[in-house]
Every structure is written in structure tokens, then in C-alpha cells.
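Have a look at the structure below, then the notes.
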Amino acid sequence: MKKTIIPSLVGAVIFFLWQFLSWGPLQLHRTAQDYTPKQDSIIKYLNSQFNADGSYLLPSFPKNTSSEEMEKDMKNSVGKPWAIIHYHKAYNANMGMNMARGFLVNIVVLWLMCWLISKMNMATFGTIFAASLFVGLIGFLNITYTFHIWYLTSDLNAHFIDTIVSWGLVGIWLGFYLKKK
């Protein structure tokens, strides 16, 4: 347990710093948070349409819609505009709490990675580095890319860069610190 605390904490700091750079100064994810000068009127309209927080895919179907009706509606939607709306009644800019939660998640993720590495018989720098990249790519492909396939996220490349850079840097750190002599 002690052998995983230091690498987990340092790795979490590496993740956190990259996330700060990626979302902040480098603005890699700017395309997913684009500006429209019509934002005030759009928000006002959405506020008149939604009673509660929620995520909406437009067009979509009411619950219990028959598969025949869904198929008909899907065919009618081809080539027409669509949107995903994540609506919230109140803006919450509690950056401190969100950053703390993100850092705690980074610690847990790195602790899990360190645990996996501790189970390797021949944990060389290279195998640890490769395992780190592979874990990152597994997460990216299974979660981010699969979501993108259906919903065409605009910052897919930024997430891919995040995966390679953050897991690569962490792989270098863990490979250096945890390699078995």
C-alpha cells in the first residue's frame, strides 16, 4: 500500500496539471464550448421550455414508443438538424469543489493503475509505459470514441491528445518510479 501512495499522488498531480493546461491555457476543448452571440435568447427560450435539469436528444421519442414508430421517426429525421441539450436551471461555478473532486478521481485512477502495475511480474520501464498508454487508450476508445460515434462530439481530437499526453507522461513517471530492478 505504501509503495502505491507516492506514485499515485505524483501521477494525480501530472494528470491534474495536464487537464489544467488542456482545458485552460491551451484551450484544446474550445470547440466543445463554443460561443454564440444568441446565447441569451437561446437560454431564455430553453428556460421557458424545461421545468428541470436534464439531458435531451432532439429529435427523440417518448418512453414506450413502439419500435415501428421509432423507425418511422428516425427515417423522417435523416438529413434534418439535431441537437443534444444539457440543461440546468441554475449555473454552478463552484470551481474549487469541482477541481477537488477531479483531483480525488485522479488519485483513485492512479492508485488503481499502480495496483495493476504491482501485479506485473516483469514490470520494466517499457512495460509500465506501454501499459499506461494502453489503459488510457482503452478508456478513450470505450468511452469517449464510442460516445463520439453516436453523438459527433466536436472535441474528439482534444480528448485523444489528452489521452496520449496525460497517460504518456504518467507512464514515464510510473515506469521510472515503479520499475522492478
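The values are calculated or read from the model by the stated rules, or taken from the named source; none is laboratory data. What you are looking at is a predicted structure, and each value in this text was computed from that prediction instead of being measured. Note that we place each Cβ from the backbone using ideal geometry, even for glycine, and neighbour counts take in every protein chain shown.
Here are some notes:
- Residue list for the range 23-51, restricted to those being outside any helix (DSSP H, G or I) and either over 24 Å from the mean Cα position of the chain (by Cα) or surrounded by 10 or more Cβ atoms within 10 Å (Cβ to Cβ) (or both): G24, L26, Q27, L28, H29, P37, K38, F50, N51
- Identity of the residue in the range 1-22, more than 24 Å from the chain's Cα centre (by Cα) and of a type outside the set (A, V, I, L, M, F, W, C), that ends up modelled with the lowest pLDDT: K2
- Any hit, the range 121-135, residues being of a type outside the set (K, R), buried (at least 17 other Cβ atoms within 10 Å of the Cβ) and modelled with pLDDT under 95: yes
- Scan of the range 61-101 for residues that are of a type in the set (G, A, S) and surrounded by fewer than 10 Cβ atoms within 10 Å (Cβ to Cβ), ordered by number: S66, S67, G79, A83, A90, A93, G96
- The set of residues in the range 136-181 being charged (D, E, K, R) and either surrounded by fewer than 16 Cβ atoms within 10 Å (Cβ to Cβ) or under 21 Å from I107 (Cα atoms) (or both) consists of D162, K179, K180, K181.
Results for (1) over 30 Å from M120 (Cβ atoms); (2) out of contact with any strand residue (DSSP E or B) (no Cβ under 8 Å at 6 or more places or on another chain); (3) among the polar types (S, T, N, Q), shown as yes or no for each residue.
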position: I6; (1), (2), (3): no, yes, no
position: L9; (1), (2), (3): no, yes, no
position: F16; (1), (2), (3): no, yes, no
position: Q19; (1), (2), (3): no, yes, yes
position: L57; (1), (2), (3): yes, no, no
position: S60; (1), (2), (3): yes, yes, yes
position: T65; (1), (2), (3): yes, yes, yes
